[in-house]
Amino acid sequence: MSFISIREVGPRDGLQNEDPVPAADKVRLLDALSATGVGRIEAVSFVHPKAIPQMADADEVWAAAQKSPAVRYSALVPNSRGAERALKAGFGEIEVVVSASETHNQRNVNRSTGESLDDIAGLIALLHGAGATAEVIISTSFGCPFEGDIDPARVAGIVDRVIADGADRVSFGDTTGMATPRRVREVVGLVRDRHPDIPLLLHFHNTRGAALANILTAMQLGITEFDASVGGLGGCPYAPGATGNVATEEVVHLLHDMGYETGVDLKALIEAAAMAQEIVGRELPSGVLKAGPRIPF
């Protein structure tokens, strides 16, 4: 029986696309997710409050959260100032992001992809100097809302650069849900040919309903690590039409039914999804949340 690792991104990627949520509710959700058995959680991001006001209370939330020793927590940072805040808060796993699309990178961080890669090289050195690991997330890896198709060779070239600069891990972000099994095979296959040993994680949105098919395709290519967001929370404020991430409970339900282990208690996860739905005050897209863990036939 094989194990698939899920990183829960609802507390950060999910909530940053909603109206601002009180810190106490963020802590409540984070603590509930920590008790589900999920092995990794993206907890907060340390960004300027003018850029992402939903994450303005990251320090407060993280300080109040009940950290589980069984969970690996990570934080997203945009620059050296954010990295220093994350390190001061005690994070040992830190994510930085760059877009494969020039236009999306400009909209997201107001600089070119090349300029972001130069900054990331310095961030990796800073993080390693503090004893932390650096994961580079490549957004718009499978397509861009502004530019359309993204050449897999461009994504692979970015991977070449960040690996040369010392990145510990790489993640491919399907920022607007444009990924298909074909695109997954092309990107992952090309990168695996060049870097067979670098840990890869895939992050799919379900905008066009292909997320689960993409996960199964990636698993056939040997990928065992995926992001997912409780209830299907999330999106991207700088990518028009980017509706929610794939729902964690949908991924876990599928994997368990296929005989894979995730370490996650599905019942507890569905309860956390119901909490997330109550916190944001709207119906979330997760089918499992609506139907429960088992659907009678």
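The values are calculated or read from the model by the stated rules, or taken from the named source; none is laboratory data. Quick caveat: nothing in here was measured; it's all calculated off a predicted structure. Cβ sites come from the backbone with ideal geometry, for glycine too, and all protein chains shown count toward neighbours. Surface areas here come from the heavy atoms of the whole protein model, side chains and all, with no ligands, DNA or RNA. Shrake-Rupley method; radii C 1.70, N 1.55, O 1.52, S 1.80 Å.
Quick check, is V9 modelled with pLDDT of 95 or more, open to solvent by less than 20 Å² (accessible area, probe 1.4 Å), of a type in the set (V, I, T) and closer than 20 Å to L266 by Cα? Criteria met by V9.
Within the range 98-112, the set of residues being in contact with a helix residue (DSSP H, G or I) (Cβ under 8 Å, 6 or more places away or on another chain) and open to solvent by 10 Å² or more (accessible area, probe 1.4 Å) comprises E102, V109, R111, S112. Within the range 172-188, the presence of a residue that is in a helix (DSSP H, G or I) and on the phi > 0 side of the Ramachandran plot is excluded.
Taking the criterion of being under 17 Å from R40 (Cα atoms) and surrounded by fewer than 22 Cβ atoms within 10 Å (Cβ to Cβ), the residues of the range 74-94 that qualify are G90, G92, E93. Selection of the range 37-60 for residues being in contact with an Asp or Glu (Cβ under 8 Å, 6 or more places away or on another chain) and either among the basic types (K, R) or without any contact (Cβ under 8 Å) to a residue 24 or more places away in the chain (or both) yields only R40.
The residue pairs whose first member lies in the range 99-118 and is acidic (D, E), whose second member is assigned to a helix (DSSP H, G or I), and whose beta carbons are closer than 8 Å, counting only pairs six or more residues apart or on different chains, are E102/T113. Scanning the range 143-161 for residues that are out of contact with any Phe, Trp or Tyr (no Cβ under 9 Å at 6 or more places or on another chain), more than 16 Å from D193 (Cα to Cα) and of a type in the set (A, V, I, L, M, F, W, C) returns C144, F146.
Would a scan of the range 151-166 turn up a residue that is free of Cβ contacts under 8 Å to residues at least 12 places away in the same chain and assigned to a loop (DSSP other than H, G, I, E, B)? Yes, some residue in the range 151-166 is free of Cβ contacts under 8 Å to residues at least 12 places away in the same chain and assigned to a loop (DSSP other than H, G, I, E, B).
Residues are listed down the side, and each one gets a yes or a no for (1) touching a Gly at 6+ places or on another chain (Cβ under 6 Å); (2) not β-branched (V, I, T):
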{"site": "P181", "(1), (2)": "no, yes"}
{"site": "R185", "(1), (2)": "no, yes"}
{"site": "I198", "(1), (2)": "no, no"}
{"site": "L202", "(1), (2)": "no, yes"}
{"site": "T207", "(1), (2)": "yes, no"}
{"site": "G234", "(1), (2)": "yes, yes"}
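I'd like the residue in the range 244-297 that is modelled with pLDDT under 95 and charged (D, E, K, R) and, out of all such residues, is most open to solvent (accessible area, probe 1.4 Å). Restricting to residues being modelled with pLDDT under 95 and charged (D, E, K, R), the top hit is R294.
Of all residues in the range 202-216, those that are surrounded by 14 or more Cβ atoms within 10 Å (Cβ to Cβ) have Cβ atoms under 8 Å from Cβ atoms of residues that are of a type in the set (S, T, Y) and at pLDDT below 95, 6 or more apart or on another chain, in H205/T175; H205/T176; H205/T243; N206/T243; T207/T176; T207/T243. Of all residues in the range 17-41, those being over 23 Å from M258 (Cα atoms) and surrounded by fewer than 24 Cβ atoms within 10 Å (Cβ to Cβ) number 15.
Among the residues of the range 162-186, those that are open to solvent by 30 Å² or more (accessible area, probe 1.4 Å) and either at pLDDT below 95 or not hydroxyl-bearing (S, T, Y) (or both) comprise I163, A164, D165, D168, R169, M178, P181, R182, R183, R185, E186. Applying the criterion of being under 23 Å from G92 (Cβ atoms) and of a type in the set (D, E, K, R) to the residues of the range 111-146, the residue that is nearest to the chain's Cα centre (by Cα) is E135.
Just one of the listed residues (V96, V109) is modelled with pLDDT under 95 and touching a Pro at 6+ places or on another chain (Cβ under 8 Å), and it is V109.
For the range 133-140, the criterion of a residue being more than 17 Å from H203 (Cβ to Cβ), at pLDDT 95 or above, among the β-branched types (V, I, T) and touching an Asp or Glu at 6+ places or on another chain (Cβ under 7 Å) is satisfied by at least one position. Quick check: is even one residue across the range 122-140 of a type in the set (S, T, Y), out of contact with any helix residue (DSSP H, G or I) (no Cβ under 6 Å at 6 or more places or on another chain) and closer than 16 Å to S101 by Cα? Yes - at least one qualifying residue is present in the range 122-140.
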